[in-house]
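Values in this text are rule-based calculations from the coordinates and carry no lab data. Small disclaimer: the values here were computed from a predicted structure and weren't measured. Here the Cβ positions follow ideal geometry from the backbone for every residue, glycine too, while neighbour counts run over all protein chains shown.
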Amino acid sequence: MDLKTKTHPCYSKFAHNYARMHIPVAAKCNISCNYCNRKYDCLHETRPGVTSKLLSPTEALARFKIVKSKVDNLSVVGVAGPGDALASFEATRESLELIKAEDPDLTFCLSTNGLSLTDYQEEILRLGVSHVTITINAVEPEIGAKIYERVNYKGETLTGVEGAELLLKNQLSGLKYLAQNGVLCKVNIVLIKGINNYHIEEVVKTVKEAGAFMTNIMPLIPVEDTPFADNPLTSKVELDYLRNKCEENLKQMYHCQQCRSDAVGCLNKDRSLEFKEENSLKLEKKSESLVLEGNYYLEQEERLFAVASQEGEIVNLHFGHAKDFYIYQVKESSIKFIEKRNVEQYCTDKECSDSEDRIGRIINTISDCEAVLSVRIGTVPRRKLLQHNIIAVMVYDKIESAIRFALGEMYSENTG
């Protein structure tokens, strides 16, 4: 394993002390996936394909300079959205060239759906991109047709099996070319229950033959307003069982965090919020003004919020992963931390339990709270919380800013 791979946190589990930076310069996308919502101007979500701001190449360079001065062990700069790096190749190329001129020793990588790989494979080599991630969710067009709504290639829109066939052809052809020319290729596979879960082992075997270095099987994140919004979640046990089976054929990634398109820092400690203060303040002021406009919110002397947080600074935990909730009091315009309450974790390594006992105990613990703030929450616990008049708000931000955002969202809902 060369030095660039040893210090790339997505390609080596031993590189956890090295930081990466995603530059969100790719605005366009050339396929429509049934699990993707292209709402990328979102400060308050943490998942692939979202960013607080789309950057121009010169803005990406400016942000890189700031990040480099503040983040130790920054080893990787990559383009991972919010669209597709190759569908927006002019912006991708210019951004990487500018940053490479500033620091040629960095590792450069990009992520793509692979539709345009055959068109830009030589350019990728010329740019000095050493690591490429390709998302390949199916190697049978009939299965791919269930995942991709349409494919837009060179001015032509294809749907169904025809579109999936073209996508697969270009993915595998590009993968083979890059692998044969020294580029390390990781293949991402989104596990979608009922669609491709029994097909993934075949995907792994096929991409191995094409030259993939490793695969990263990721659980579907159901996103509102998409065809797969109500698809069931995959437990960690189910995920790791499949990864273990596939590791018999090809190296597997177990430590993926399914990062945002503007992620900064180590995988286990994202620092992207530090570089979004301007956007955060704008949204905070907007949310605060909404709160102050609504008498409904000022009539109550005290309101409590339960926050799922790893360390008590940022809303950064899935509801089901919280072992305790940070309780905050909102009184007029004041936000104050009150206490930390322990709960039985809703999701274990084996399952995200839908048992009445477990969710019931959590609800009893936070029954005096008006809302729960977490990065993500499943539809079942969300519905059960609502039955007890507790609103679930999905948000990713510093806690006070997140509470103001939640207040604004709740006020908007109540005023129609």
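I'd like to compare 75-84, 186-195, 397-406, 158-167: which one has the highest average count of other Cβ atoms within 10 Å, and what's the full order after that?
On the way: 75-84: 25.3, 186-195: 20.5, 397-406: 23.5, 158-167: 18.2.
Result, highest mean Cβ count within 10 Å first: 75-84, 397-406, 186-195, 158-167.
Return the FRET efficiency for the residue pair Ser334, Asp357: r is the Cβ-Cβ distance, R0 is 35 Å, and the value is rounded to the nearest 0.05. Before the final figure, lay out the partial values.
Working: r = 36 Å, r/R0 = 1.03.
Between Ser334 and Asp357 the formula returns 0.45.
Take the residue pairs Lys65/Lys193; Lys4/Lys205; Lys13/Lys336; Lys251/Lys340 and return only those whose Cα atoms are more than 31 Å apart. Walk me through the intermediate numbers first.
On the way: Lys65/Lys193 42 Å; Lys4/Lys205 26 Å; Lys13/Lys336 38 Å; Lys251/Lys340 40 Å.
Listed pairs above 31 Å: Lys65/Lys193; Lys13/Lys336; Lys251/Lys340.
Using 1/(1 + (r/R0)^6) with R0 = 30 angstrom and r between the beta carbons of Asn249 and Thr58, what's the FRET efficiency to the nearest 0.05? Walk me through the numbers before you get to the answer.
Numbers: r = 44 Å, r/R0 = 1.45.
With R0 = 30 Å, the Cβ-Cβ based efficiency is 0.10.
Test of understanding: extend the Cα→C-beta vector of Asp240 to 7 Å, then name every residue of the stretch 359-383 with backbone N under 16 Å from that spot.
It comes to no residues whatsoever.
Short version: ³J(HN,Hα) in whole Hz for each residue of the stretch 325-340, in order, from phi by Karplus 6.51 cos²θ - 1.76 cosθ + 1.60 (θ = phi - 60°), x for Gly and Pro, what are they?
So the Karplus estimates, Gly and Pro as x, are 10, 7, 9, 10, 9, 10, 10, 6, 9, 9, 10, 9, 6, 9, 6, 10 Hz.
Would you mind calculating the gained length between Ile66 and Gln180 on full extension (0.36 nm times residue separation, minus the Cα-Cα distance), in nm to one decimal? Working shown, then result.
Working: separation 114, 0.36 × 114 = 41.04 nm, distance 3.60 nm.
The span from Ile66 to Gln180 would gain 37.4 nm if fully extended.
Given the pairs Lys70/Lys208; Lys186/Lys384; Lys100/Lys176; Lys100/Lys398, which span a C-alpha to C-alpha distance of over 30 angstrom in this model?
Working: Lys70/Lys208 38 Å; Lys186/Lys384 39 Å; Lys100/Lys176 26 Å; Lys100/Lys398 32 Å.
Table pairs above 30 Å Cα-Cα are Lys70/Lys208; Lys186/Lys384; Lys100/Lys398.
Between Gln387 and Lys6, what FRET efficiency comes out of the Förster formula 1/(1 + (r/R0)^6) with R0 = 45 Å and r the beta carbon distance, rounded to 0.05?
Working: r = 50 Å, r/R0 = 1.12.
Between Lys6 and Gln387 the formula returns 0.35.
Tell me, in nm to one decimal, what length is gained between Glu202 and Glu97 on full extension, where the rule is 0.36 nm per residue of separation less the Cα-Cα distance? Working shown, then result.
On the way: separation 105, 0.36 × 105 = 37.80 nm, distance 3.70 nm.
Result for the pair: 34.1 nm of gain on full extension.
Take Tyr254, Tyr346, Tyr328 and order them by how many other Cβ atoms sit within 10 Å, fewest up front. Before the final figure, lay out the partial values.
Values: Tyr254 13, Tyr346 24, Tyr328 21.
Going from sparsest to densest Cβ surroundings: Tyr254, Tyr328, Tyr346.
If each residue of separation counts as 0.36 nm, what is the full-extension length gain between Lys193 and Glu344 once their alpha-carbon separation is subtracted?
Values: separation 151, 0.36 × 151 = 54.36 nm, distance 2.68 nm.
So the chain would gain 51.7 nm between Lys193 and Glu344.
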